[in-house]
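Asks: Take a look at the following structure, please.
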Amino acid sequence: MSESAVNGGAIDWERSKSEDEEDDYDDDEEDYSSPTQSSPRPPSSTIFEKDRHLLYLQMMYELLPYHYQSQEINRLTLAHFIISGLHFLGARDRVDKDVVASWILSFQALPRNIVSLKDGEFYGFFGSRSSQFPRDENGDLTHNSSNLASTYCALAILKVIGHDLSTIESESLLISMKNLQQDDGSFMPVHTGGEMDLRFVYCAAAICYMLNNWSGMDKEMAKSYILNCQSYDGGFGLIPGSESHGGATYCAVASLRLMGFIGDDLLSNHSGSSIIDPSLLLNWCLQRQANDGGFQGRTNKPSDTCYAFWIGAVLKLIGGYTFIDKIALRKFLLNCQSKYGGFSKFPGQLPDLYHSYYGYTAFSLLEEPGLSPLCPELGLPLLAVSGI
């Protein structure tokens, strides 16, 4: 990634949500909305415009537009969408792997000594250069810190470019990450403050899985928290007692899969001993496909590009993807495909990196020719996960 993209590029997405639009999967997704402009809807393409998507991602790789300026603290996340997106499109060779690896590793927080591991701070990865504030006169990092979401994105990028994750300093990362787990099994994203919900349980599980080391979490505690988030309708809410939500349901099911508590094709292999009811979960997921062919995140909400992944990946994991209307879903996604490349949240809007990436993963689930297959539990290209 060019110096302009990783150190000086800008990112400011103005929110495009109106008051009657959907609250998205999480606060991050709200930040990843497109600029407010909406143009008259052009005739949708009938094909996946791979060349346009490559140009879009290549442009973002070289220099991020000024609209992204306010998202500078999420630079690693944006880099993940770009680099992993290029891999899905079969263009990983367009990335300078050595430069990217060096840049990613420069964001890891490292303890001063072994005693520092007892101070409660999380030694993962910062989200951007501006997050690496210097310590104050007392030696404390008070302004910002590394966090679970950025750590997931950092490891995902390294995995995608083929970097050997066994070479990174993971001991302090995992020891300090375990301190983020709460008594109820949930995780805080940072060592002080922050929300505690399924998003960060998933991040912790994915981090341990990619590092092939589960010392960073208590899996049994995490499993109990996940099951407490399941609703009466079969879906999962972000916290116990909350409404079932597409993103939360993905985090729950993918985490259980990564931790080894559920296996492949849960519907076919279902037994009375299963910790979740896959039939009830299947019913909830299938009800999320709306009349326009797209998927909604919650009941009575509009279809949104990203839920073709969040819900679609859940269905893939439990063996129920074959039951969706793939023709209608593909038509909806093509309506969200931009003439500039990339995907928008809704038809007729400008594209953004968040919805573009999950548009690519959605088309991968649909087995679009020329796209890398998807590892649904990690949300990454399958070949990258396999180390090939």
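Asks: Consider Met188 against the criteria (1) modelled with pLDDT of 95 or more; (2) under 26 Å from Ile275 (Cα atoms): it satisfies all of them except one. Which criterion is unmet?
Replies: Every listed condition holds for Met188 apart from (1).
Asks: Tally time: how many residues in the range 174-185 are part of a loop (DSSP other than H, G, I, E, B) and within 12 Å of Ala205 (Cβ to Cβ)?
Replies: In the first step, residues of the range 174-185 are kept if they are part of a loop (DSSP other than H, G, I, E, B); the result is 179-180, 182-185.
Subset that is within 12 Å of Ala205 (Cβ to Cβ): 185.
Of the residues in the range 174-185, 1 are part of a loop (DSSP other than H, G, I, E, B) and within 12 Å of Ala205 (Cβ to Cβ).
Asks: Going residue by residue through the range 255-278, is there one that turns out to be within 19 Å of Tyr360 (Cα to Cα) and of a type in the set (Phe, Trp, Tyr)? Give the steps one after another, and end with the answer.
Replies: Residues of the range 255-278 within 19 Å of Tyr360 (Cα to Cα): none.
Within the range 255-278, none of the residues are within 19 Å of Tyr360 (Cα to Cα) and of a type in the set (Phe, Trp, Tyr).
Asks: Kindly indicate the residue of the range 24-76 that is modelled with pLDDT of 90 or more, in a loop (DSSP other than H, G, I, E, B) and closer than 26 Å to Leu329 by Cβ and also farthest from the chain's Cα centre (by Cα) among those meeting that condition.
Replies: Here the residue is Ile47.
Asks: Criterion first (touching a residue at least 12 places away in the same chain (Cβ under 8 Å), closer than 21 Å to Glu243 by Cβ and touching a strand residue (DSSP E or B) at 6+ places or on another chain (Cβ under 8 Å)) does Arg298 satisfy it? Show your work before the answer.
Replies: Values: touching a residue at least 12 places away in the same chain (Cβ under 8 Å): yes; closer than 21 Å to Glu243 by Cβ: yes; touching a strand residue (DSSP E or B) at 6+ places or on another chain (Cβ under 8 Å): no.
So Arg298 does not fit the description; no.
Asks: Just name the residue that is nearest to Thr151 (Cα to Cα) out of those in the range 185-197 that are surrounded by fewer than 22 Cβ atoms within 10 Å (Cβ to Cβ) and not hydrophobic (A, V, I, L, M, F, W, C).
Replies: In the first step, residues of the range 185-197 are kept if they are surrounded by fewer than 22 Cβ atoms within 10 Å (Cβ to Cβ); the result is 185, 188, 190-196.
From the residues that got through so far, the ones that are not hydrophobic (A, V, I, L, M, F, W, C) too are 185, 191-195.
Values: Gly185: 19, His191: 13, Thr192: 16, Gly193: 17, Gly194: 16, Glu195: 16 Å.
Result: His191.
Asks: Can you spot a residue in the range 198-206 that is within 21 Å of the chain's Cα centre (by Cα), of a type in the set (Ser, Thr, Tyr) and surrounded by 18 or more Cβ atoms within 10 Å (Cβ to Cβ)?
Replies: Going through the range 198-206, the residues within 21 Å of the chain's Cα centre (by Cα) turn out to be 198-206.
The next check asks that each one be of a type in the set (Ser, Thr, Tyr); those that pass are 202.
Of the ones still in play, those that are also surrounded by 18 or more Cβ atoms within 10 Å (Cβ to Cβ) are 202.
Looking for residues that are within 21 Å of the chain's Cα centre (by Cα), of a type in the set (Ser, Thr, Tyr) and surrounded by 18 or more Cβ atoms within 10 Å (Cβ to Cβ), one finds at least one in the range 198-206, hence yes.
Asks: Can we say Val201 is in contact (Cβ under 8 Å) with a residue 40 or more places away in the chain, touching a Cys at 6+ places or on another chain (Cβ under 9 Å), aliphatic (A, V, I, L, M) and not in a loop (DSSP other than H, G, I, E, B)? Working first, answer last.
Replies: Details: in contact (Cβ under 8 Å) with a residue 40 or more places away in the chain: yes; touching a Cys at 6+ places or on another chain (Cβ under 9 Å): yes; aliphatic (A, V, I, L, M): yes; not in a loop (DSSP other than H, G, I, E, B): yes.
The answer is yes for Val201.
Asks: If we only count helices (runs of 4 or more DSSP H) wholly inside the range 299-388, which ones have 3 or more residues that are out of contact with any helix residue (DSSP H, G or I) (no Cβ under 9 Å at 6 or more places or on another chain)?
Replies: Values: elements: 307-318, 326-335, 353-365, 382-386.
Answer list for the range 299-388: 326-335.
Asks: May I pose another question? Only one residue in Ile311, Ile275 is modelled with pLDDT under 95 and within 20 Å of Tyr202 (Cβ to Cβ), so which one is that?
Replies: Details: Ile311 fails: modelled with pLDDT under 95.
So the residue among Ile311, Ile275 that is modelled with pLDDT under 95 and within 20 Å of Tyr202 (Cβ to Cβ) is Ile275.
Asks: Let me ask something else about it. Considering only residues of the range 209-223 that are in a helix (DSSP H, G or I) and touching a residue at least 40 places away in the same chain (Cβ under 8 Å), which is farthest from Lys159 (Cα to Cα)?
Replies: We begin by selecting, within the range 209-223, every residue in a helix (DSSP H, G or I); these are 209-211, 219-223.
Remaining after also requiring touching a residue at least 40 places away in the same chain (Cβ under 8 Å): 209-211, 219, 221-223.
On the way: Tyr209: 12, Met210: 8, Leu211: 10, Lys219: 23, Met221: 27, Ala222: 24, Lys223: 26 Å.
Filtering the range 209-223 for residues that are in a helix (DSSP H, G or I) and touching a residue at least 40 places away in the same chain (Cβ under 8 Å), the one farthest from Lys159 (Cα to Cα) comes out as Met221.
Asks: I need the full set of residues from the range 115-132 which are part of a loop (DSSP other than H, G, I, E, B) and either of a type outside the set (A, V, I, L, M, F, W, C) or farther than 13 Å from Asn147 by Cα (or both), in order please. If you could, list the steps in order and put the result at the bottom.
Replies: Kept after step one, since they are part of a loop (DSSP other than H, G, I, E, B), are these residues of the range 115-132: 119-124, 126-128, 132.
The answer is Asp119, Gly120, Glu121, Tyr123, Gly124, Gly127, Ser128, Gln132.
Asks: Looking at the range 95-109, can you tell me whether even one residue there is under 23 Å from Gly359 (Cα atoms) and among the hydrophobic types (A, V, I, L, M, F, W, C)? So that I can check it myself, show each step before the final result.
Replies: Our first condition is that a residue be under 23 Å from Gly359 (Cα atoms); within the range 95-109, this holds for 95.
Pick out the ones that are also among the hydrophobic types (A, V, I, L, M, F, W, C) and you get 95.
Yes, some residue in the range 95-109 is under 23 Å from Gly359 (Cα atoms) and among the hydrophobic types (A, V, I, L, M, F, W, C).
Asks: Moving on. For the range 316-366, give me each residue that is over 20 Å from the mean Cα position of the chain (by Cα), surrounded by fewer than 24 Cβ atoms within 10 Å (Cβ to Cβ) and in contact (Cβ under 8 Å) with a residue 60 or more places away in the chain.
Replies: Passing the criteria: Lys331, Leu334, Asn335, Lys339, Tyr340, Gly341, Pro347, Gly348, Gln349, Leu350.
The values are calculated or read from the model by the stated rules, or taken from the named source; none is laboratory data. Computed from a prediction, not measured in an experiment: that's the story for all the values here. Every residue, glycine among them, receives a Cβ derived from its backbone with ideal geometry; neighbour counts consider all protein chains shown.
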